[in-house]
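As structure tokens, the structure follows; a few thoughts come after it.
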Amino acid sequence: MGAGRHIGIRAACGALASALALPTPALAVPGTPAAATPASGTPAASVAGPARAVGALANQSGEPPASPAAASAMRTARDAQRAFEHVRRRNFPRGPLVNPKCGEGIGRFCLVEGWDDDDWDPVPEEPDVVEERHALIAVLDSAARIIPADEWLTGQRVAYRVEAGLAEEALALLDACRAESAWCAGLAGFVLQEIGRYAEAEAAFERALGRMSEDERCAWTELGPVLDRRTRGRYERFACGSSPRRAVDRSFWHLSDPLWLVPGLERRSEHLARRVRAALQADAASPWAMRWGDDLTEITLRFGWPAGWERARRRFVGVRSEELVWSRRPPGAQRFTVSRLRAADGDPLWKLDEPDARTSWAPAFGEILELPHQVASFRRDGRRRVVAAFTWPDSLPPCDLESGLFLADAHGVTASRTGPGGGPLEVAEPRGFAPATLVGVEARSANGPGAARARMPLAAGHPLLSDVLLLDAGGASPSTLSEALVRARGDRTARAGETLAVYWEWYGSPAPATALQVTLSLAREGKGFWRRALEWSGLVSGDTEQAGVRWLEGTADPAAEGRTVELRLPMLDEGRYRLTLQVLSPTHGTAESGVEIEIVAQPPTAAVGPGTTVGPPSRFVPIPTHSTQGAGP
């Protein structure tokens, strides 16, 4: 992961102490002598927390739910909630002396550059905080017995149980929820999302949205804060609830779904869970000791609820300093949301580990890595058949796998093939659908965290020539796609001097007494500045970074029969190269296909046996100018 961000809050010590001062009379137990109740204006440090309010509500719980008792219970519950947040803030762990640089400003807050939350481990809460949270839950429960249908109380009882690791208890509480039905369903979705039960969370949120008015539903599903400013401006031109906006919403969440292999749109469910979190905090005391506002709502929608907080001191010239409060995002959080709905050349839709991502999330199935892979398209009965092979990343432990190959467009998955294991996959484009524009290859551990994926635009390809499929060399040359898949390489890497095989298919009708002129070439991509400078100066020839071979091949075989050729790569420098297949037909003209490969370092040289002669390393082989009749080199 690249450098992360967290939120800094500027606050001087004196101003912070003043802002946190809490009125204490409401926390006193009724019936105690007046002299025992601290006077109003007592410093914040003297507040004992919500534990003092348990007895107050316990004494009131037997009273009928008359208005004065309900009002008193609500005041006590709110005071206890504020007192708990004071205890939480007072026990924030201390961080280092820092001098941060503000990147993006969001209202009263700042996203700080140059910090990586992946190098930060959450600090366990102090026992005082744990104890006071449980006391607060008791206060809220007692108040709920007097005001059972209050939405604020229901929400706080659920939220603090989730914080305390009592999610199942929160779900049981919601089974008897007497608050407004949409709010109860939304709270259930919030809890289920927090514990990684994403399909159930999505169903709960759908129930909640179905019980809302059109205006409420529009406000909850609105994308605005997670979009960049330019995209947001275009998005907000569509009327809320209009067909164009709903279409954009569907496309956005489909493309932003972390794994198509997992049923549902778990990133959309996370967005709705964050909406619930913002609603919970809108009328409650927060760990930031500031009134909730649009800035905190935007931060919550973009980055979620913090995994922890720290207090640090900001260093200035000389001896002056001030206190900062940092909120930390969960380690391993990644960007899944797309910045636009269409791919552009050289600018991918998905950058999971973008350092300055506009949004981030750390799902329960763990960090998603890039999946080494290769994908190729072939044609059968007028439709594309897409095949893929992949290699489970070395950085993830070996395990039983579930894998999938997906064809999609901007609106959804149009065809897929999933199953156990890590073998090659193939899927046919369905009839009656627009051609797929995206392809995804995904794999995840069947027994625990660990996932990897690759997503990319799916090119239309040439109607007469298939894509190139890289195979392991050796054995009989495959003549069909099924035979070739058995030997398909799991990625697009090769070593200099290695022998590999290339499989491809030609779909042009055969012409008697004619031959195809076939050219395979390998050229380096993305030359650096110094390489271009040396070529310009004439010190190095640009031809030294390309190689190739050309031959003639008969067309007497039936159309769509596969061709395989084995090639020994020259001793190339490490880097990215493009392997291009070009076929020239007297009747159909020129067709071209290609694949990008990565040349990696050679393994250490083995000891040389007796009688073995070691020659100089091979150089790039220039493309021959003569034609060679036959099946290939």
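The values are calculated or read from the model by the stated rules, or taken from the named source; none is laboratory data. Just so it is clear, the model here is predicted, and its values are computed rather than measured. As a convention, Cβ positions derive from the backbone with ideal geometry for all residues, glycine included, and neighbour counts pool all protein chains shown. Protein only, heavy atoms only, side chains kept; ligands, DNA and RNA dropped before computing areas. Shrake-Rupley method; radii C 1.70, N 1.55, O 1.52, S 1.80 Å.
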note = The answer for Gln334, listing residues at least 5 apart or on another chain whose modeled amide H is closer than 5 Å to its amide H, is Trp361, Ala362
request  = Report in % the part of the accessible area of the stretch 66-172 that belongs to carbon and sulfur, leaving out ligands and nucleic acids; probe 1.4 Å.
outcome  = 52
note = FRET efficiency for Ala496 and Asn91 from the Cβ-Cβ distance with R0 = 56 Å, rounded to 0.05, comes out at 0.45
inquiry  = Relative contact order for the stretch 222-338: what percent, with Cα pairs under 8 Å and sequence separation of 6 or more?
reply    = 23
request  = Just need the Rg to Rh number for the stretch 384-449, please, alpha carbons only, Kirkwood Rh.
outcome  = 1.03
request  = Using the heavy atoms of the protein chains and a 1.4 angstrom probe, tell me the accessible area per residue for the stretch 189-307 in square angstrom.
outcome  = 40
inquiry  = If amide hydrogens are placed 1.01 Å from N in the peptide plane, which non-local residues have theirs closer than 5 Å to the one on Arg384?
reply    = Glu429
note = Given Cβ charges of +1 for Lys and Arg and -1 for Asp and Glu, the option among Trp152, Pro122, Ala170 whose Cα lies farthest towards the positive end of the dipole of the stretch 120-237 is Trp152
inquiry  = Could you tell me the calculated FRET efficiency between Arg250 and Asp175, based on Cβ-Cβ distance and R0 = 35 angstrom, to the nearest 0.05?
reply    = 0.65
request  = Keeping all protein chains in position, work out how much accessible area His373 exposes to a 1.4 Å probe, and write it in Å² to the nearest 10.
outcome  = 20
query = Say each of Glu354 and Glu483 gets a label point 7 Å from the Cα, pointing the same way as Cα to Cβ; how far apart are those two points in nm?
reply = 4.6
Theoretical FRET efficiency, 1/(1+(r/R0)^6), r = Cβ-Cβ of Ala523 and Ala282, R0 51 Å, to 0.05 = 0.30
key: Percent carbon-and-sulfur accessible area, the stretch 351-432, ignoring ligands, DNA and RNA, probe 1.4 Å   = 47
request  = Would you mind calculating the gained length between Asn447 and Asn99 on full extension (0.36 nm times residue separation, minus the Cα-Cα distance), in nm to one decimal?
outcome  = 120.9 nm
ask   = Could you sort Val486, Val262 by accessible area so the largest value comes first, with the probe set to 1.4 Å?
value = Val486, Val262
Added length on full extension, which subtracts the Cα-Cα distance from 0.36 nm per residue, Asp294 to Arg576 = 96.9 nm
inquiry  = Using each residue's phi in the stretch 100-110, evaluate 6.51 cos²θ - 1.76 cosθ + 1.60 at θ = phi - 60° and report the 3J(HN,Hα) Karplus result to the nearest Hz, with x for Gly and Pro.
reply    = x, 10, 6, x, 9, x, 10, x, 7, 10, 9
request  = With all protein chains present, calculate the accessible area of Lys101 using a 1.4 Å probe and round the result to the nearest 10 Å².
outcome  = 130
task = Please give, to one decimal in nm, the separation of the simple spin-label points placed at Ser243 and Arg145, each 7 Å out from Cα toward the Cβ.
result = 5.6
query = Where Lys and Arg each count +1 and Asp and Glu each count -1, what net charge lies around Trp392 among other residues with Cβ under 15 Å from its Cβ?
reply = -4
query = Which value in nm describes the separation of the simple spin-label points at Ala199 and Cys399, placed 7 Å from the Cα toward the beta carbon?
reply = 1.8
task = For Glu322, enumerate residues with amide H under 5 Å from its amide H, sequence gap 5+ or separate chain, H modeled in the peptide plane.
result = Arg314
inquiry  = Could you give the length gained by full extension between Ala71 and Ala473, i.e. 0.36 nm per residue of separation minus their alpha carbon distance, to one decimal place?
reply    = 136.7 nm
message = Out of the trypsin sites (Lys or Arg not before Pro) in the stretch 152-190, which ones are loop residues according to DSSP with at most 16 other C-beta atoms within 10 Å?
response = Arg178
